[in-house]
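Worksheet: the structure to be examined is printed underneath.
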Amino acid sequence: EAGVAQSPRYKIIEKRQSVAFWCNPISGHATLYWYQQILGQGPKLLIQFQNNGVVDDSQLPKDRFSAERLKGVDSTLKIQPAKLEDSAVYLCASSLVGTGSEQYFGPGTRLTVT
Amino acid sequence: QKEVEQNSGPLSVPEGAIASLNCTYSDRGSQSFFWYRQYSGKSPELIMFIYSNGDKEDGRFTAQLNKASQYVSLLIRDSQPSDSATYLCAAGIGANNLFFGTGTRLTVIP
């Protein structure tokens, strides 16, 4: 069974530029999550999708971050404009049903904002 | 405020010893608990989950849950150098998101 796929793996941009990350979950997993992990911290949820609907985006900085999962499969997370403090690893995870079930993470995208 | 607390370590144990990792959580409504292993520069890897009070064993790993004390632990028996990593504890509440601790760094000394 293929795991969660993410791209790109690394990205370096200047502040105020925009960037987009892509995620394809494990086949059959209805729930998809985007996390931000800053060095030395645990992952922090940005947004949770159930199929193509948003379940929780309470911690998503909506003035600069957006995410979509139009067909209920793959998803895109965008940052526009980026700030220095957005430097982090962006992790995508998926699970069969809701948060109570096991989540499996992709390899992540390491973003550096200069 | 939902919080998951872990001792950041580092925790050092000799090869072959038992490593004990601990975690406390603040929200009594938490229903599911997970342990993830994260190697440096890699993404978290699920190694154990537990939903009921008591112990759950899987190979060299044992997860322990005490809801009355709001305490979760992970025991690693016969620790190997390959177990050296950061271990993340996470708590989930129904359909809401998982809350992660900051992780405990474990070093197994050959």
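The values are calculated or read from the model by the stated rules, or taken from the named source; none is laboratory data. Treat the numbers as computed from the prediction; the structure is a model and nothing was measured. Backbone-built Cβ (ideal geometry, glycine too); neighbour counts: all protein chains shown. Each accessible area value is taken on the protein alone, full model and side chains, heavy atoms only, with ligands, DNA and RNA left out. Shrake-Rupley method; radii C 1.70, N 1.55, O 1.52, S 1.80 Å.
For chain B, treating each Cα as an identical point scatterer without solvent, what Debye log10 I(q)/I(0) comes out at q = 0.10, 0.15, 0.22 1/Å?
-0.26, -0.58, -1.20
Apply 1/(1 + (r/R0)^6) to the Cβ-Cβ distance of A:Ser18 and A:Val97, taking R0 = 41 Å, and write down the FRET efficiency to the nearest 0.05. Mind showing how you got there, number by number?
Details: r = 33 Å, r/R0 = 0.81.
Between A:Ser18 and A:Val97 the formula returns 0.80.
Relative contact order for chain B: what percent, with Cα pairs under 8 Å and sequence separation of 6 or more?
On the way: 279 pairs, mean separation 42.2, N = 110.
The value is 38 percent.
Net charge near B:Thr104, counting Lys/Arg +1 and Asp/Glu -1 over other residues with Cβ under 13 Å of its Cβ? List each step's numbers first, then the result.
Values: positive: B:Arg37, B:Arg105; negative: B:Glu5, B:Asp83.
Result for the local shell: 0.
Modelled label-to-label distance, A:Asp74 and A:Ile38, 7 Å Cα→beta-carbon offset: nm?
Label-label distance for A:Asp74 and A:Ile38, simple model: 3.1 nm.
When the accessible area of chain A is split by element with a 1.4 Å probe, what percent falls to carbon and sulfur?
Numbers: 2800 of 5500 Å².
Percent of accessible area from carbon and sulfur atoms in chain A: 51.
Once you treat every alpha carbon in chain A as an equal point and sum by Debye, what is log10 I(q)/I(0) at q = 0.14, 0.16, 0.18, 0.24 Å⁻¹?
Scattering profile of chain A, log10 relative to I(0): -0.50, -0.66, -0.84, -1.45.
Of the beta bridges DSSP finds with both residues in chain A, what % are antiparallel, to the nearest 5? Provide the component values of the computation, followed by the final result.
Details: 33 of 37 bridges.
Here the share of antiparallel DSSP bridges comes out near 90 percent.
At 1.4 Å probe size, with every protein chain present, just tell me what the per residue accessible area of the protein assembly as shown comes to in Å². Walk me through the numbers before you get to the answer.
Values: 10640 Å² over 224 residues.
With all protein chains present, the protein assembly as shown gives 48 Å² per residue.
Can you compute the modelled spin-label distance between B:Asn7 and B:Arg28, with each label point 7 Å from Cα toward Cβ, in nm?
Placing both labels 7 Å along Cα→Cβ, they lie 2.7 nm apart.
Estimate the FRET efficiency between A:Asn52 and B:Glu57 by the formula 1/(1 + (r/R0)^6), using the beta-carbon distance for r and 45 Å for R0, to the nearest 0.05. Kindly include the intermediate steps, with their values, before the conclusion.
Numbers: r = 39 Å, r/R0 = 0.86.
Efficiency at R0 = 45 Å is approximately 0.70.
Among the trypsin sites (Lys or Arg not before Pro) in segment A:13-114, which ones are in a DSSP loop with at most 13 other Cβ atoms within 10 Å of the Cβ? Mind listing them?
Working: sites: A:Lys15, A:Arg16, A:Lys44, A:Lys62, A:Arg64, A:Arg69, A:Lys71, A:Lys78, A:Lys83, A:Arg110; in loops: A:Lys15, A:Arg16, A:Lys62, A:Arg64, A:Arg69, A:Lys71, A:Lys83.
Hits after loop and neighbour filter: A:Lys15, A:Arg16, A:Lys62, A:Lys71, A:Lys83.
What is segment A:26-99's relative contact order, in percent, from Cα pairs under 8 angstrom and six or more apart in sequence? The partial results should precede the final answer.
On the way: 135 pairs, mean separation 29.7, N = 74.
With pairs under 8 Å counted, the relative contact order is 40 percent.
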